[in-house]
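The values are calculated or read from the model by the stated rules, or taken from the named source; none is laboratory data. No experiment lies behind these values; they were computed from the predicted model shown. Because the Cβ atoms are built from the backbone with ideal geometry, glycine has one as well, and the counts that use them run over all protein chains shown. Surface accessibility is based on the protein's heavy atoms, side chains included, excluding ligands, DNA and RNA. Shrake-Rupley method; radii C 1.70, N 1.55, O 1.52, S 1.80 Å.
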Amino acid sequence: MKGQKDANAAAREEFEQVARLVPESSIGPALVAFAHWWDAFRGWAASTEKSFALAAQWAERAMPMEDADGQAHTVMAHIHLLRREHDKALEVAEDAVALRPCCSTANAHLGNIQYYCGRSADAADRMRQAMRITPVHPPWWKVVLAASCKEIREWDAATAVAKEVLRMKPDDIDARLVLIEVCQATGNEGAAREYVREVSTLRPDFSVSRWAETQPYRDPAVLERIIANLRSAGLAS
């Protein structure tokens with residue numbers, strides 16, 4: 001698996017063969033699940049919904065096996081979150097970390113789920129732990145940390161982390177959304193408007209409503225507040 005669409009498809013075929021040859025092992029189905037999930041997560045699939053469904057099928061096959069190592073749990077936890085099955089998402093993500101305590105990916109996904117479940121302080125701690133395990137990590141980990149800090153009103157930390165995301169990934173939209181909210185909360189409306197302009201330039205078709213549809217917050221009031229803040233700053237509805 002090289003982080004490329006064709007390589008992921010080839011790897012999935014090999015993992016399916018492992019599942020056929022060694023049906024008593026969780027390794028094959030867990031990695032097939034991971035490959036389907038990666039197709040959906042990276043936008044490589046013709047049908048994101050179908051790829052997530054296949055990932056869930058393979059993950060559920062791997063999870064009960066005696067040698068299950070938590071990889072399938074991580075995939076399934078994220079799928080539960082997308083389905084808005086928050087209690088189940090937390091439960092399965094915690095199981096993943098119990099099986100893989102030093103796995104940065106399992107820890108990061110638990111942190112992401114904790115954030116959407118309204119446990120922002122726990123999420124910030126968990127994301128920092130994941131980053132300590134793997135100092136070189138994807139920008140979205142820092143986005144979750146920045147958003148978590150924002151939710152617990154650690155404005156300086158949220159700002160610093162979100163700006164670090166923009167250094168790593170200059171076209172990141174989600175980091176700018178965090179910065180817009182922080183600027184609104186701290187009375188820096190001019191900076192908020194500048195970030196709004198940047199979002200509109202980077203993604204002219206950006207819509208707060210469409211973005212909100214992808215955000216699996218447990219508490220609808222939290223999402224409603226965020227939507228109101230972004231619209232108040234001038235982002236298109």
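Figure legend. Inter-residue proximity from the range 50-77: first residues of a type in the set (Ser, Thr, Tyr), second residues part of a helix (DSSP H, G or I) and open to solvent by 50 Å² or more (accessible area, probe 1.4 Å), beta-carbon distance below 9 Å, spacing 6+ or different chains. Indicated pairs: Ser51/Trp38; Ser51/Phe41; Thr74/Phe34; Thr74/Thr105. Answer with yes or no whether Ser200 is of a type in the set (Gly, Ala, Ser), open to solvent by 50 Å² or more (accessible area, probe 1.4 Å) and without any contact (Cβ under 8 Å) to a residue 60 or more places away in the chain. When the stated conditions are applied, Ser200 passes them. Of the residues Arg128, Arg132, Arg153, Arg100, the single one that is under 20 Å from Ala185 (Cβ atoms) and of a type in the set (D, E, K, R) is Arg153.
Taken together, the criteria place Ser51 among residues that are of a type in the set (Ser, Thr, Tyr) and in a helix (DSSP H, G or I).
Applying the criterion of being surrounded by 12 or more Cβ atoms within 10 Å (Cβ to Cβ) and either among the small types (Gly, Ala, Ser) or touching a Lys or Arg at 6+ places or on another chain (Cβ under 6 Å) (or both) to the residues of the range 209-237, the residue that is nearest to Thr159 (Cα to Cα) is Ala233. Please find, within the range 134-171, the residue that is farthest from Cys102 (Cα to Cα) out of those that are out of contact with any helix residue (DSSP H, G or I) (no Cβ under 8 Å at 6 or more places or on another chain) and among the hydrophobic types (A, V, I, L, M, F, W, C). Of everything passing the filter in the range 134-171, Ala160 is farthest from Cys102 (Cα to Cα). Could you check, for the range 104-117, whether at least one of its residues is farther than 20 Å from Lys88 by Cβ and not β-branched (Val, Ile, Thr)? Yes, because at least one residue in the range 104-117 is farther than 20 Å from Lys88 by Cβ and not β-branched (Val, Ile, Thr). Of a type outside the set (A, V, I, L, M), touching a helix residue (DSSP H, G or I) at 6+ places or on another chain (Cβ under 9 Å) and either over 16 Å from His109 (Cα atoms) or modelled with pLDDT under 95 (or both): is that true of Thr186 in this structure? Answer is yes for this residue.
Among residues of the range 1-55 being of a type in the set (Lys, Arg) and under 29 Å from Arg84 (Cα atoms), the one that is surrounded by the most Cβ atoms within 10 Å (Cβ to Cβ) is Arg12. Being touching a Phe, Trp or Tyr at 6+ places or on another chain (Cβ under 8 Å) and outside any helix (DSSP H, G or I) is a property that Gly43 lacks.
Out of the residues in the range 56-73 that are in a loop (DSSP other than H, G, I, E, B) and at negative phi, which is least open to solvent (accessible area, probe 1.4 Å)? Talk me through it step by step, then tell me what you get.
Going residue by residue through the range 56-73, those that are in a loop (DSSP other than H, G, I, E, B) are 63-70.
Going one step further and asking which of them are at negative phi, we end up with 63-69.
Values: Met63: 46, Pro64: 105, Met65: 40, Glu66: 190, Asp67: 71, Ala68: 19, Asp69: 53 Å².
Taking the candidates together, the pick is Ala68.
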